[in-house]
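Inspection log for the structure reproduced underneath, given as structure tokens.
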Amino acid sequence: MVESHKNALLKVENLSIGFSQYVQWTRKRIIRPIANMHVEIAEGEIVAVVGASGSGKSLLAHAILGILPGNAVCSGKISYRGEELTDQKKAKLRGREISFIPQSVNFLDPLMRVGRQVQIGLDKSKAKYKQEKLFEQYGLQKSDGRLFPFELSGGMLRRVLFATSVREGVKLVIADEPTPGIHPQALAEILKQLKQFAAEGAGVMLITHDIVSALDIADRVAVIKDGTTVEMANAAAFAGSGDKLQTEYTRRLWRALPQNDFDLEFRSRGGLKAWH
Amino acid sequence: MVATISVRFIRMLTLLFGLSILTFTLVHLSPIDPVNAYVGGDGSASPEQIEKFKAYWGVDQGLVQKYGSWAGALLEGNFGTSLLYRAPVIDIIQSRFLTSLALMGTAWVLSGVIGYALGVIAAMNRGKWIDKIIKWYSYTLVSTPIFWMGLILLIVFAVWLKWFPVGLAAPAGVMESEVRWIDRLHHFVLPALTLSILGVANVAMHTREKMIDILNTEYVLFAKARGESSWQIFKNHGLRNSILPAISLQFAYFGELFGGSMLAEQVFSYPGLGSTLTTAGLKGDLPLMVGIILISSLFVFAGNLIADVLGKVVDPRTREAG
Amino acid sequence: MQLVREGWNVRKKMVLMLAISLGFLFVLLLLSFTLSNDHLRLGAGAKNMAPSLSHLFGTDWLGRDMFTRTIKGLRLSLTIGAFTSLLSVLIAVMMGICAATFGKTADTVISWVIDLFIGMPHLVFMVLICFIAGGGIYGIVLGISLTHWTALARVVRSEVLQIKNAEYIQISKSYGKSAWYVARKHMLPAIFPQVMIGFLLMFPHVILHEAALTFLGFGLSPQTPAVGIILSEAMNHISTGKWWLVVFPGMLLVMVVKSFDSIGEQFRRMTEPASSHE
């Protein structure tokens with residue numbers, strides 16, 4: 001499905017991230033949640049980064065944005081539009097060309113009205129107008145803009161978080177788990193918006209553990225296990241019994257889904273009989 | 001919300017009541033009998049004055065009655081008569097009040113503002129030189145006795161550099177009416193500086209800690225991800241999330257302030273309530289002591305109440321919940 | 001996972017600081033016992049001498065060696081500090097545990113008392129208590145300990161409240177263990193780190209307040225070599241330029257206070273590792 005004439009927007013190669021931690025009073029050790037991860041996203045393409053919780057997906061997003069904590073040690077290469085993404089570049093691009101949609105509502109300032117939070121970063125003169133238009137587009141009331149985060153429902157907050165990512169000139173959108181616990185209508189809205197980003201030429205990285213919704217809109221899927229990229233597959237390969245998928249892990253992942261009858265290993269070994 | 005405030009206010013009143021009982025008990029445990037001290041001092045007290053005195057302290061009455069008459073007198077503003085100055089306690093307090101207020105007020109404002117600024121700067125530049133300096137400065141100052149700080153300032157600025165006078169609130173030997181405003185200011189600088197310097201350290205440390213906590217939150221992480229600069233992060237998020245606790249803390253600081261003023265006033269012979277209390281304590285002037293203690297406690301309690309309530313009132317989350 | 005043997009990290013610095021502070025205090029105590037009292041005899045040496053090799057801190061107007069006076073004074077401060085902190089901690093632990101374990105009424109009453117004592121301006125009440133108690137070391141110890149138990153009491157109370165409802169306590173109770181057993185075997189160990197930290201961190205406060213009280217003139221007779229008295233006497237000689245009477249004793253006091261503060265802080269950081277992963 002990947003059209004080779006599309007330009008590579010983001011290329012992550014061999015990314016490893018480690019953290020130093022104190023163990024036993026004064027000695028330090030390094031734990032490495034991500035090792036040898038690679039992901040590629042082209043312009044106008046939606047790539048789903050899929051994996052179990054805790055497999056390091058959020059860290060990938062933070063690494064690209066340059067917001068990892070101070071005790072993080074990185075290695076590997078991240079290129080953006082053909083050039084290496086240095087720390088200075090990250091600082092210049094984030095919020096402008098690279099947009100981030102965070103995971104939870106804790107990412108909003110609890111003491112600032114949501115309307116104002118969406119306006120931050122927008123051009124001063126048109127900020128309010130744009131924010132109101134966005135709210136309208138997402139089905140939020142104009143008066144909602146004057147509310148504080150704790151006054152909004154989960155669904156409304158997700159839409160606000162989305163609104164914060166819409167910026168002119170956005171080329172790469174990183175959405176970190178935008179869909180947990182959302183009801184189908186809001187879900188459809190979010191997926192539609194992500195497709196819209198791609199249609200306008202931006203690359204979209206959709207980090208999620210909800211494969212099913214992801215497959216709805218993704219062009220390609222990167223499967224992550226224990227901090228490593230196991231496979232990069234086309235979305236179309238996730239069909240039938242998963243024969244077109246390259247690795248055993250991915251195939252099992254696909255077959256374990258509800259619509260595929262929870263086809264776990266245990267069945268293939270002969271079901272209940274294997275337990276005795 | 002009104003309910004919360006009223007509850008706390010009433011609680012404060014009960015505490016004040018408890019305080020008066022505590023003070024009353026302490027007074028009656030004291031080795032000095034106020035009446036004898038008053039009378040025995042010199043024989044110039046007239047029989048009427050002695051009677052008034054006896055009535056105030058409830059001599060020859062039962063304990064509960066004593067408390068009753070004393071508390072009643074307090075509420076009317078009658079704090080008894082000072083043994084040392086032979087004048088109503090309330091008058092003495094009134095005359096010294098402004099001097100102390102100027103001192104404490106300035107130190108309060110200065111330490112709050114400068115302390116907050118330093119704390120913010122340190123937190124936002126964590127680990128760099130400026131942070132190290134501010135941390136070291138604060139840590140050391142917090143371990144320093146106020147009066148020693150005052151003495152050092154005295155030595156450096158008054159004795160060596162001769163920039164400021166060595167003590168008192170106004171030049172000695174000059175008539176009260178002739179003291180110029182600028183002279184008052186001149187005498188006021190060193191004690192005020194002493195009080196402020198230590199307050200700054202405290203506030204800076206607290207602010208720095210709180211600010212570091214804020215900088216580690218997810219919403220600041222998000223702000224960074226959206227390209228907000230350090231200054232923008234402070235302006236948009238840091239300030240609003242830290243200013244309230246900072247102000248609350250300032251109001252809770254009244255107690256320390258009063259203690260500090262006692263010491264600063266002693267070093268500089270500055271005639272405020274603090275040094276008056278010290279003299280009263282040393283010479284055994286119970287009525288005056290008790291009077292000053294009650295008044296200052298009133299302020300401290302009020303300050304604590306404000307600190308307590310302020311957080312709840314201004315935070316929109318609790319405002320709604322009521 | 002990979003173990004890294006690092007050269008110098010923040011934690012190691014902490015251990016070093018701890019060692020330095022402890023060492024400093026130990027040397028001080030040692031000196032206070034070994035320095036001869038000869039130096040304190042009136043008229044023993046030259047008067048009003050600035051600091052020199054034979055008199056590290058100079059001498060005062062009566063010819064007494066300031067260094068000896070200061071060290072002995074600090075030992076007094078440390079002793080008073082120890083007693084007062086101990087007393088304060090005892091009161092705090094008692095009040096805290098009672099508030100948390102004797103039911104709602106006791107809790108309300110004790111919390112009210114805590115609020116009462118917290119509201120009192122410290123120095124002011126210490127002066128009153130000191131006066132009432134008749135002065136002397138007794139007055140100072142009483143005055144300081146009665147005004148400083150509140151913070152720790154609150155901490156103890158909240159800790160005990162928290163663990164009271166913990167599962168392992170419930171299980172212990174259901175085994176029929178008495179309240180005393182539970183308190184001794186479970187609660188005391190649980191609150192011990194906090195109490196230790198409270199005790200250590202109370203020292204600097206106490207020493208500073210003791211110095212302040214004696215400076216103002218409450219508590220000790222003018223002959224006792226307490227740092228506060230040394231400084232208040234020195235105050236009279238400032239205008240004649242004898243700065244060393246003030247600067248050195250005070251500096252040593254600051255260093256002592258800082259050492260205790262540092263010990264308490266390092267102890268706290270080590271028992272609550274979550275607070276530093278730099």
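The values are calculated or read from the model by the stated rules, or taken from the named source; none is laboratory data. On a predicted model such as this, the values are computed, not experimentally measured, just so you know. Positions of Cβ are backbone-derived with ideal geometry, glycine not excepted, and every protein chain shown enters the neighbour counts. Surface areas here come from the heavy atoms of the whole protein model, side chains and all, with no ligands, DNA or RNA. Shrake-Rupley method; radii C 1.70, N 1.55, O 1.52, S 1.80 Å.
Take the residues in segment A:151-173 that are in contact (Cβ under 8 Å) with a residue 60 or more places away in the chain and open to solvent by 10 Å² or more (accessible area, probe 1.4 Å), then tell me which one is farthest from the other protein chains (Cβ to nearest Cβ).
Applying the filter and picking the extreme gives A:Lys171.
From (1) buried (at least 18 other Cβ atoms within 10 Å of the Cβ); (2) free of Cβ contacts under 8 Å to residues at least 60 places away in the same chain, pick out the condition that doesn't hold for B:Leu75.
The failed condition is (1).
Determine whether B:Leu273 is closer than 26 Å to B:Leu305 by Cβ, of a type outside the set (S, T, N, Q) and crowded, with 23+ Cβ neighbours inside 10 Å.
Here the answer is yes, as B:Leu273 does meet what is asked.
Please enumerate the residues belonging to segment A:113-150 that are within 25 Å of the chain's Cα centre (by Cα), within 11 Å of chain B (Cβ to nearest Cβ) and not in a helix (DSSP H, G or I).
Of everything in segment A:113-150, those that are within 25 Å of the chain's Cα centre (by Cα), within 11 Å of chain B (Cβ to nearest Cβ) and not in a helix (DSSP H, G or I) turn out to be A:Ile120, A:Gly121, A:Leu122.
For segment B:150-170, which positions are aliphatic (A, V, I, L, M), open to solvent by less than 30 Å² (accessible area, probe 1.4 Å) and part of a helix (DSSP H, G or I)?
Selection gives B:Leu151, B:Leu153, B:Leu154, B:Ile155, B:Ala158, B:Val159.
Suppose we filter C:Ile132, C:Ile91, C:Ile144 for residues that are open to solvent by less than 50 Å² (accessible area, probe 1.4 Å), of a type in the set (Val, Ile, Thr), modelled with pLDDT of 85 or more and more than 17 Å from C:Val227 (Cβ to Cβ); which single one remains?
Details: C:Ile132 fails: modelled with pLDDT of 85 or more; C:Ile144 fails: more than 17 Å from C:Val227 (Cβ to Cβ).
The match here is C:Ile91.
Could you pull out the residue among A:Ala61, A:Ala91 that is facing another protein chain (nearest Cβ under 10 Å) and in contact with a strand residue (DSSP E or B) (Cβ under 6 Å, 6 or more places away or on another chain)? Reasoning before the result, please.
Working: A:Ala91 fails: in contact with a strand residue (DSSP E or B) (Cβ under 6 Å, 6 or more places away or on another chain).
The match here is A:Ala61.
A:Asp176 fails exactly one of the following numbered conditions: (1) within 16 Å of the chain's Cα centre (by Cα); (2) open to solvent by 60 Å² or more (accessible area, probe 1.4 Å). What is the number of that condition?
If we test A:Asp176 against (1) within 16 Å of the chain's Cα centre (by Cα); (2) open to solvent by 60 Å² or more (accessible area, probe 1.4 Å), just (2) comes out false.
Open to solvent by less than 30 Å² (accessible area, probe 1.4 Å), modelled with pLDDT of 70 or more and within 14 Å of chain C (Cβ to nearest Cβ), is that true of B:Ile21?
It is false that B:Ile21 is open to solvent by less than 30 Å² (accessible area, probe 1.4 Å), modelled with pLDDT of 70 or more and within 14 Å of chain C (Cβ to nearest Cβ).
Is there any pair with a first residue in segment B:226-238 that is among the basic types (Lys, Arg) and a second that is surrounded by fewer than 21 Cβ atoms within 10 Å (Cβ to Cβ) and assigned to a helix (DSSP H, G or I) whose Cβ atoms are under 9 Å apart and which are 6 or more apart or on different chains, and what are they?
none
Name the residue, out of C:Leu87, C:Leu74, that is among the hydrophobic types (A, V, I, L, M, F, W, C), under 18 Å from C:Val206 (Cβ atoms), in contact with a Leu (Cβ under 9 Å, 6 or more places away or on another chain) and within 14 Å of another protein chain (Cβ to nearest Cβ).
On inspection, the qualifying residue turns out to be C:Leu74.
In segment C:160-183, which residues are open to solvent by less than 70 Å² (accessible area, probe 1.4 Å) and either at pLDDT 85 or above or outside any helix (DSSP H, G or I) (or both)?
So the first thing to find is which residues in segment C:160-183 are open to solvent by less than 70 Å² (accessible area, probe 1.4 Å), and the list is C:160-161, C:163-164, C:166, C:169, C:172, C:176, C:178, C:181-183.
Passing the criteria: C:Ala166, C:Gly176, C:Ser178.
With respect to C:Phe203, is the statement that it is open to solvent by 40 Å² or more (accessible area, probe 1.4 Å), closer than 30 Å to C:Met270 by Cα, in contact with a helix residue (DSSP H, G or I) (Cβ under 7 Å, 6 or more places away or on another chain) and touching a residue at least 40 places away in the same chain (Cβ under 8 Å) true?
no
Consider A:Lys124 carefully, then state whether it is of a type in the set (D, E, K, R), in contact (Cβ under 8 Å) with a residue 60 or more places away in the chain and over 20 Å from B:Tyr219 (Cβ atoms).
No.
Suppose we filter C:Phe267, C:Phe260, C:Phe218, C:Phe199 for residues that are at pLDDT 80 or above and not in a helix (DSSP H, G or I); which single one remains?
Numbers: C:Phe267 fails: not in a helix (DSSP H, G or I); C:Phe260 fails: not in a helix (DSSP H, G or I); C:Phe199 fails: not in a helix (DSSP H, G or I).
Selected residue: C:Phe218, the only one of C:Phe267, C:Phe260, C:Phe218, C:Phe199 that is at pLDDT 80 or above and not in a helix (DSSP H, G or I).
Looking only at residues in segment C:232-253 that are in a helix (DSSP H, G or I), among the small types (Gly, Ala, Ser) and open to solvent by 10 Å² or more (accessible area, probe 1.4 Å), which one is farthest from the other protein chains (Cβ to nearest Cβ)?
This residue is C:Ser232.
Residue pairs, Cβ under 6 Å, 6 or more apart or interchain, first in segment B:137-162 and closer than 19 Å to C:Ala212 by Cα, second part of a helix (DSSP H, G or I) and open to solvent by 50 Å² or more (accessible area, probe 1.4 Å). List them.
Within 6 Å, the pairs are B:Ser143/C:Lys258.
So that you can scan it fast, the table gives a plain yes or no per residue for (1) more than 27 Å from A:Ser104 (Cα to Cα); (2) open to solvent by 30 Å² or more (accessible area, probe 1.4 Å); (3) of a type in the set (A, V, I, L, M):
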{"residue": "A:Lys195", "(1), (2), (3)": "no, yes, no"}
{"residue": "A:Asp219", "(1), (2), (3)": "no, yes, no"}
{"residue": "A:Gly242", "(1), (2), (3)": "yes, no, no"}
{"residue": "A:Leu245", "(1), (2), (3)": "yes, no, yes"}
